[in-house]
Amino acid sequence: MSRSAHPAGPRHADVMSDGHYLAPADDLNVLDQKVWSRTVTRDEHGAVTVGGLTVSRLAEEFGTPAYFLDEADFRARCRAWSDAFGPGADVFYAGKAFLSRAVVRWLKEEGLNLDVCSAGELATALDAGMPAERIALHGNNKSVEEIERAVAAGVGRIVLDSFQEIVRVAHVAQGLGKRQRVQIRVTVGVEAHTHEFIATAHEDQKFGIALAGGQAAEAVRRALTLDGLELVGIHSHIGSQIFDMAGFEVSARRVVQLLAEVRDEHGVELPEIDLGGGLGIAYTSDDDPRAPHEIAKSLGDIVTRECEAAGLATPRISVEPGRAIVGPTAFTLYEVGTVKPLEGLRTYVSVDGGMSDNIRTALYDAEYSVALASRTSDAEPMLVRVVGKHCESGDIVVKDAYLPSDLAPGDLIAVPATGAYCRSMASNYNHALRPPVVAVRDGEARVIVRRETEEDLLRLDVG
Ligand SMILES: *Cc1c(COP(=O)(O)O)cnc(C)c1O
């Protein structure tokens, strides 16, 4: 981390809100390839380009704020994940990170499967032609209608999240004369976020059925007796933005232990194990995510070793990356509206969006980086806070960062790694119009989700 309580005499070190120091990068004009998608670079005039198009031209054509998604990068990440896991495993993209019909088509073409967790996500997936058997339905409170639609469509699996749901799905399937493939989501008592994981007491949350106290074993017992269900495996998802594999290791060990218990009690070897998603990406230069092939090797080794020890055949593994696929593929482009220096504190840079297009900073204290995108600058770095235009002082996009001190209204700034959980969590707060998502590829830009209009807003307001 460049945040350090003991600044080793950096050129410009400023005290941030949490009392630590943040040193500016040596050259603010250099784009750290780790946090930008693969086709992003600066052109000969210094403007940021993506897919061969400069941000000034993109802003002119599509307006700001807007998300620009690097399609080549998205497809390359899909391939990296499916190549890493190979034909003996399944990669499910977690649609909640960002879903649109174009995304579904790319996933389909690149051979990935898709997780959905609502009727809306399911409708998008089916409408764009994702084969139902490649779709998994998640959620801790799926409605009967959602279950009916999923079963009727023939989704490949439903992940059961409670005792009530076991019965509910079995009932729906039987009513439709089907036998639904299901997994049971268990809570392994591990919760992992970013750099740490906690291995006790995390049964205290809404998702899954606890392994502790034999609850998950009881869920398996019940699922195995119901005609409408074909129990194919156990599912575990331990957190988000995880860099350390230790949490997955504990999780895999506990799930395999359950598989062994199931074999001993029922004489059944469940053929699938799903280890969930949550793999971290670089939001700032301080983050060091692992490559998909390292993750695949690590997870594969853990499961194989645990199964050998338990005398089980290795089950088919699946994973569900959302953020790790789409997160790094997009940046948000904003226009600077005001620049307000607060003497001895920092400079507030207000942009034309904010918490309505990126709630993660306000919601999770998430960290982001930012760059002056429409030009380069040799001006001294200044400590900034990038804020939105909403009526809320917590409306912060980037809490602490450096931008050149000649920053002025009209400049374009870009916040990288906003592909996941930004457009999908966008709101209409202050009747903001949700920004478009523009896919850029080989010198061509195409709107895949259009900007909302005042007409859209007023259409819902029926007086
Ligand atoms: C949210 C979620 C994911 C995806 O998480 P990412 O952090 O985007 O990888 C995968 N599986 C389940 C069950 C989830 O709830």
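The values are calculated or read from the model by the stated rules, or taken from the named source; none is laboratory data. Since the model is a prediction, treat every value here as computed from it, not as a measurement. Don't worry about glycine lacking a Cβ; one is built from the backbone with ideal geometry, like all the others, and counts go over all protein chains shown. Keep in mind that these areas ignore ligands, DNA and RNA; they rest on the heavy atoms of the full protein, side chains included. Shrake-Rupley method; radii C 1.70, N 1.55, O 1.52, S 1.80 Å.
Okay, here's what the table says:
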| item | result |
| --- | --- |
| Residues (away from the ligand (no atom under 16 Å from the Cβ), part of a loop (DSSP other than H, G, I, E, B) and either at positive phi or modelled with pLDDT under 95 (or both)) located in the range 250-284 | 267 |
| Residues of the range 162-186 classified as in contact with a strand residue (DSSP E or B) (Cβ under 8 Å, 6 or more places away or on another chain), open to solvent by less than 10 Å² (accessible area, probe 1.4 Å) and under 19 Å from residue 237 (Cβ atoms), total | 6 |
| Residues within the range 116-139 that are more than 13 Å from the ligand (Cβ to nearest atom) and not in a loop (DSSP other than H, G, I, E, B), tallied | 12 |
| Test: residue in the range 450-460 that is crowded, with 20+ Cβ neighbours inside 10 Å and within 17 Å of residue 63 (Cβ to Cβ) | no |
| Any chance residue 75 is within 20 Å of residue 323 (Cβ to Cβ), in the same structural domain as residue 285 (by TED's automatic domain parsing) and either open to solvent by 10 Å² or more (accessible area, probe 1.4 Å) or of a type in the set (A, V, I, L, M) (or both) | yes |
| Some residue of the range 433-449 being open to solvent by less than 50 Å² (accessible area, probe 1.4 Å), within 16 Å of the ligand (Cβ to nearest atom) and touching a residue at least 24 places away in the same chain (Cβ under 8 Å) | no |
| Residue check, residue 414 within 24 Å of residue 323 (Cβ to Cβ) and either open to solvent by less than 40 Å² (accessible area, probe 1.4 Å) or basic (Lys, Arg) (or both) | yes |
| Answer from 91, 35, 104 - the residue that is within 21 Å of residue 444 (Cα to Cα) and touching a residue at least 24 places away in the same chain (Cβ under 8 Å) | 104 |
| Subset of the range 97-112 [outside any loop (DSSP other than H, G, I, E, B) and either touching a Cys at 6+ places or on another chain (Cβ under 6 Å) or more than 12 Å from the ligand (Cβ to nearest atom) (or both)] | 101, 102, 103, 104, 105, 106, 107, 108, 109, 110 |
| Residue pairs meeting the criteria (Cβ under 6 Å; at least 6 apart or on separate chains; first within 13 Å of residue 331 (Cβ to Cβ), in the range 40-54; second open to solvent by 40 Å² or more (accessible area, probe 1.4 Å) and not aromatic (Phe, Trp, Tyr)) | 48/42; 49/41; 50/39; 51/39; 51/441 |
| Qualifying residue in the range 306-329 (condition: outside any helix (DSSP H, G or I), under 19 Å from residue 70 (Cβ atoms) and among the aliphatic types (A, V, I, L, M)) | no |
| Pick from the range 199-244, criterion within 16 Å of the ligand (Cβ to nearest atom) and of a type in the set (S, T, N, Q), ranking: least open to solvent (accessible area, probe 1.4 Å) | 236 |
| Residue under evaluation residue 196, criteria (1) among the charged types (D, E, K, R); (2) within 24 Å of residue 241 (Cα to Cα); (3) open to solvent by less than 40 Å² (accessible area, probe 1.4 Å), criterion not met | (3) |
| Selected residue (criterion: farthest from the chain's Cα centre (by Cα)) from residues of the range 297-319 that are under 18 Å from residue 93 (Cα atoms) and open to solvent by 10 Å² or more (accessible area, probe 1.4 Å) | 316 |
| Answer from 62, 85 - the residue that is open to solvent by 10 Å² or more (accessible area, probe 1.4 Å), within 16 Å of the ligand (Cβ to nearest atom), in contact (Cβ under 8 Å) with a residue 24 or more places away in the chain and among the aromatic types (Phe, Trp, Tyr) | 85 |
| Top-ranked residue of the range 264-293 - restricted to ones that are closer than 19 Å to residue 322 by Cβ and charged (D, E, K, R), ranked as least open to solvent (accessible area, probe 1.4 Å) | 274 |
| Inter-residue pairs, beta-carbon under 9 Å, first within 26 Å of residue 275 (Cβ to Cβ) and in the range 126-154, second among the aromatic types (Phe, Trp, Tyr) and assigned to a loop (DSSP other than H, G, I, E, B), 6+ apart | 140/207 |
